[in-house]
1. Cβ-Cβ under 7 Å, sequence separation 6+ or interchain: first residue in the stretch 106-120 and open to solvent by 10 Å² or more (accessible area, probe 1.4 Å), partner of a type in the set (Asp, Glu) and in a helix (DSSP H, G or I). Which pairs?
2. Out of Phe253, Phe240, which single residue is modelled with pLDDT under 90 and among the aromatic types (Phe, Trp, Tyr)?
3. Is the stretch 178-195 home to any residue that is closer than 20 Å to Ala101 by Cβ, modelled with pLDDT under 85, outside any helix (DSSP H, G or I) and open to solvent by less than 60 Å² (accessible area, probe 1.4 Å)?
4. Among the residues of the stretch 165-176, are any modelled with pLDDT of 90 or more and either among the hydrophobic types (A, V, I, L, M, F, W, C) or surrounded by 16 or more Cβ atoms within 10 Å (Cβ to Cβ) (or both)?
5. Exactly one condition in (1) closer than 17 Å to Leu15 by Cα; (2) out of contact with any strand residue (DSSP E or B) (no Cβ under 8 Å at 6 or more places or on another chain); (3) touching a residue at least 40 places away in the same chain (Cβ under 8 Å) is not met by Leu176; state its number.
6. Which one of the conditions (1) open to solvent by 30 Å² or more (accessible area, probe 1.4 Å); (2) in contact with a Pro (Cβ under 9 Å, 6 or more places away or on another chain); (3) touching a residue at least 60 places away in the same chain (Cβ under 8 Å) does Ala249 fail to meet, given that it meets all the rest?
7. Pairs please, first residue from the stretch 45-74 and without any contact (Cβ under 8 Å) to a residue 60 or more places away in the chain, second anywhere and assigned to a helix (DSSP H, G or I) and surrounded by fewer than 16 Cβ atoms within 10 Å (Cβ to Cβ), Cβ atoms under 8 Å, 6+ apart in sequence or on different chains.
8. Could you tell me which residue of the stretch 52-81 is farthest from Val157 (Cα to Cα), considering only residues that are touching a Lys or Arg at 6+ places or on another chain (Cβ under 9 Å) and open to solvent by less than 40 Å² (accessible area, probe 1.4 Å)?
Amino acid sequence: MWVLNNTSAQPLTFLLTGIPGLRAAKIWVSIPVCLLYAGALSGNSMILFVVLREQSLHEPMYYFLSMLSATDLSLSLCTLSTTLGVFWFEAREINLNACVAQMFFLHGFTFMESGVLLAMAFDRFVAICDPLRYTTILTNARIAQIGMSMLTRNVAVMLPVVLVVKRLSFCSSMVLSHSYCYHVDLIQLSCTDNRINSILGLFALFSTTGFDCPCILLSYVLIIRSVLSITSIEGRQKAFNTCISHISAVAIFYIPLISLSLVHRYGHSAPPFVHTIMANIFLLIPPVLNPIIYSVKTKQIQKAVIKVLIQKRLQI
């Protein structure tokens, strides 16, 4: 076995993987993947466009929704080139620097989405539990501060992870399990001690999604308690309806994320295609479904989208 380290003159090259066992049918597999990417890019772009364009949507709830769409859009873009390259053009090679950069943005935007979902939970908590102070608590300045704090947190937790990965040495096996660079997948190829990498990865995970998820659950415990104190059944239903879209977004984000983490760390005996399917579900399902959920369940977004589409048709 020979060892490659990052001090050698020739840059390290890794091989990305499509779906193991389905190489002969890669074109047919790539079609739905391509459609999912198209849906994610177009849907989130539309949400961003209508929120920025429509003055009636310039409210805290929709500002946070635009943050979610921008994060989903960025998450899709950072893996678009390698995923479609693998499926369409058999372009499997990626050097270490490009791999580490993609890993940084992939995990950074994933943690960003977790933070945005927490901010949206806080928005729903204030709107339902303290509606009279809603506009004074969630001012534009405070929303900007929340966004900047999430961005700063993500950069702070990901930089050490990236720097330590650059110090690893790799053995003769350079084949990654996915069509993009995933931290746990990358460090498992190292033939040197990767315990520090694993610890830093877990710290990054628990200090972001591991913190955000319990806070979201706590916010909904308080929301449910507040809603149950409403005497009117109609009032309860109206309050719960304002949370359905956000609850759906939380579910389609955290369930695949937790499942993928568990499969990578404890599912070593699982077939390779299970890892790949879970990875693609985690990557594509939230960006595709979030715009659909908010367009269907939020009347203001629905009306704004219809208005924009009608105006475009009239211009044509």
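The values are calculated or read from the model by the stated rules, or taken from the named source; none is laboratory data. Since the structure is predicted, the reported quantities are computational estimates derived from the model, not experimental observations. Reconstructed Cβ throughout: ideal geometry from the backbone, glycine too, with neighbour counts over all protein chains shown. When the accessible area is computed, the model is the full protein with side chains, heavy atoms only, and any ligands, DNA or RNA have been set aside. Shrake-Rupley method; radii C 1.70, N 1.55, O 1.52, S 1.80 Å.
1. Pairs found: Leu118/Asp212.
2. Numbers: Phe253 fails: modelled with pLDDT under 90.
Of Phe253, Phe240, the one residue that is modelled with pLDDT under 90 and among the aromatic types (Phe, Trp, Tyr) is Phe240.
3. Yes, the stretch 178-195 has at least one match.
4. Taking the stretch 165-176 and keeping what is modelled with pLDDT of 90 or more, we get 165.
Adding the requirement that they be either among the hydrophobic types (A, V, I, L, M, F, W, C) or surrounded by 16 or more Cβ atoms within 10 Å (Cβ to Cβ) (or both) leaves 165.
Within the stretch 165-176 (the criterion being modelled with pLDDT of 90 or more and either among the hydrophobic types (A, V, I, L, M, F, W, C) or surrounded by 16 or more Cβ atoms within 10 Å (Cβ to Cβ) (or both)), the answer is yes, since at least one residue qualifies.
5. (2) is the only condition that Leu176 fails.
6. (1)
7. Ser66/Leu52
8. Applying the filter and picking the extreme gives Glu54.
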